[in-house]
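Here is the structure we will look at.
The values are calculated or read from the model by the stated rules, or taken from the named source; none is laboratory data. Computed from a predicted model, the values in this text were never measured in an experiment. Neighbour counts run over all protein chains shown; Cβ positions are idealised from the backbone, glycine included. Side chains included, ligands, DNA and RNA excluded: accessible areas come from the protein's heavy atoms. Shrake-Rupley method; radii C 1.70, N 1.55, O 1.52, S 1.80 Å.
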Amino acid sequence: MSRLVMKFGGTSVADLFRIQNAARHVKREVEAGHQVAVVVSAMSGKTNELVGWCREASRLHDTREYDSIVASGEQVTAGLLSLALQKLGVDARSWLGWQIPILTDGAHGAARIVDINGDVLIERLEKGQVAVVAGFQGIGPDGRISTLGRGGSDTSAVAIAAAIGADRCDIYTDVDGVYTTDPRIVPGATRLDRVSFEEMLEMASLGAKVLQVRSVELAMVHGVRVFVRSSFADPDSELLVKSNTPPGTLICDEDEIVEQQVVTGIAYSRDEAQISLRDVADQPGIAASVFGPLADANINVDMIVQNVSEDGSTTDITFTVPSADYERSLEVLEAERDVIRYKNVQGSTDVVKVSVIGMGMRSHAGVAGGAFRAMADKGINIRAITTSEIKISILIDAAYTELAVRTLHSLYDLDCKQDS
Ligand code: ADP
Ligand code: ASP
Ligand code: MG
């Protein structure tokens with residue numbers, strides 16, 4: 001017998017029919033003899049609606065009230081899934097974050113889990129009861145409800161898996177695994193059987209929203225085996241009932257992956273804005289005067305391009321910030337205008353960051369060169385570039401997103417191989 005966490009995302013609990021379907025998946029695992037803790041998201045679209053209501057009620061809302069409002073979606077699905085399980089004859093009860101408790105820090109709206117005492121859940125699991133936990137939420141040091149940032153139910157699931165010593169954390173979603181790129185953009189993307197924690201971390205950070213970044217970090221730190229799979233498969237199909245290897249993607253240690261590709265996947269993020277400062281003095285201390293105040297305002301700068309001026313007088317600095325922080329960044333730069341002494345500032349939110357990710361890049365030269373050539377052949381202008389050991393990111397016009405992703409996907413031979 002093993003202990004499992006099963007997490008169901010928004011589309012997997014979108015209505016009563018889908019909740020009943022999720023209950024059948026849970027029942028299958030219970031009947032196979034496993035102890036099961038379930039983590040649920042809100043019904044798809046619900047959290048967006050709740051966030052919208054907060055903004056409408058007050059633009060500068062109190063984040064503690066925001067949390068109390070947006071956490072409510074998960075309370076409903078946890079209760080409904082428990083009812084659906086009981087109806088199938090499975091002993092189950094719902095748990096809210098504060099009842100376990102899932103303790104977080106005080107950063108309302110984007111809190112981090114600091115501790116989960118798994119004892120109460122383990123006690124119930126050992127008695128054969130299924131625990132249905134509301135994802136995305138915890139309780140802060142102020143004793144008030146906190147939420148973990150958008151997509152945070154993945155993190156709830158992995159954290160609970162670590163706390164109860166689960167053998168695996170299954171992430172049930174609307175795709176049957178992690179693909180070489182977002183299958184919504186490239187229908188011919190290939191499902192990956194295994195992805196290393198490091199690569200998944202890069203893919204998630206660079207825009208592959210299939211897992212929240214923090215959940216991958218936690219899985220890596222605590223060695224939780226995460227398996228991404230579909231809730232849309234028939235819960236009682238022979239393949240799922242009898243086989244030990246259902247379709248899906250295992251996120252695991254690098255050394256569990258036998259065949260390492262040079263490039264594992266392509267990710268993209270529309271959540272970027274570009275800012276260019278023109279005619280900035282080319283002298284020591286200027287970069288600090290630009291990026292210091294942005295850091296003080298809690299704005300994360302990502303890509304940075306600065307040229308060396310020919311005559312040592314002035315240069316341009318281009319960088320990116322999250323699109324949500326674009327206006328605020330411009331305000332910070334305006335306030336520092338007299339210190340930085342730039343001539344003018346230009347910006348755009350109409351940009352996208354496309355990234356090529358793969359552990360194999362550590363030992364293979366020429367990956368970046370190939371990507372740049374392919375973009376040039378398609379007439380796509382690259383505005384900025386960053387690289388690390390296992391990824392290359394380029395910033396391009398948003399209009400070229402699909403073309404760039406598809407082109408790179410084919411370039412690195414990631415398109416699904418159909419059996420002929
Ligand atoms: P859930 O509601 O279950 O949490 P999400 O919408 O957060 O689901 O994540 C699943 C979605 O992630 C998929 O529908 C898919 O469009 C998107 N996605 C982006 N990149 C990838 C990728 N590389 N592999 C699989 N899915 C991806
Ligand atoms: N319901 C939350 C959101 O939409 C958390 C999640 O789905 O993971 O962000
Ligand atoms: Mg999600």
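What to note about this one:
- Of the residues Met1, Met203, the one with the largest accessible area comes first in the ranking Met1, Met203, computed with a 1.4 Å probe on protein heavy atoms.
- Shape summary: segment 169-326 maps onto an equivalent ellipsoid whose semi-axes, from the alpha-carbon gyration tensor, are 42, 15, 15 Å in decreasing order.
- Take each peptide in 317-328, 55-66, 93-104, count the other Cβ atoms within 10 Å of every residue, and average; sorted highest first, the result is 93-104, 317-328, 55-66.
- Inter-centroid distance (Cα atoms) of segment 366-395 relative to segment 151-216, Å: 25 Å
- Degrees between helix 16-31 axis and first principal axis of the chain (Cα, 0 to 90, nearest 10): 70 degrees
- Sum of -39500 (n - 2.57) over DSSP H runs of 4+, divided by residues of the chain (222 nm, nearest 500): -10000 deg cm²/dmol
- Selected from Asp170, Asp377, Asp271 as most flexible by GNM, with the chain as the system and alpha-carbon contacts under 10 Å: Asp377
- DSSP finds beta bridges in segment 36-157, and of those with both partners inside it, around 40 percent are antiparallel.
- Computed over every Cα-Cα pair of the chain and binned at 20 Å starting from 0, the pair-distance distribution P(r) comes out as 24, 52, 22, 2 percent.
- Ranked by solvent-accessible area (1.4 Å probe, protein heavy atoms only, all chains present), the residues Tyr412, Tyr172 order from largest to smallest as Tyr412, Tyr172.
- Across segment 158-307, the mean sequence separation of Cα contacts (distance under 8 Å, 6 or more residues apart), normalised by length, yields a relative contact order of 29 percent.
- DSSP-defined beta bridges in the chain - what % are antiparallel, rounded to 5: 60 percent
- Shape parameters for segment 261-369, alpha-carbon atoms, Rg then Dmax in Å: 16.3, 50
- Helix 286-296 vs. the chain, principal-axis angle (Cα, 0 to 90°, nearest 10): 30 degrees
- Computed from Cα atoms, the angle from the helix 46-57 axis to the main principal axis of the chain rounds to 60 degrees.
- Over 18 Å (Cα to Cα) - which of Lys27/Lys242; Lys46/Lys87; Lys27/Lys87; Lys27/Lys127; Lys87/Lys242 fall in this group: Lys46/Lys87; Lys87/Lys242
- Charges were assigned to the Cβ only: +1 to each Lys and Arg, -1 to each Asp and Glu. The resulting dipole of the chain about its Cα centre is roughly 960 debye.
- Remark: relative contact order (the chain) = 14 percent; criterion is Cα-Cα distance under 8 angstrom and separation of 6 or more residues.
- In this structure, Glu126 and Leu403 have a Cβ-Cβ separation that, at R0 = 35 Å, corresponds to a calculated FRET efficiency of about 0.05.
- Based on C-alpha pairs under 8 angstrom that are at least 6 apart in sequence, segment 1-129 has a relative contact order of 25 percent.
- Accessible area ranking (1.4 Å probe, heavy atoms, ligands and nucleic acids excluded), largest first, for Leu218, Leu277: Leu218, Leu277.
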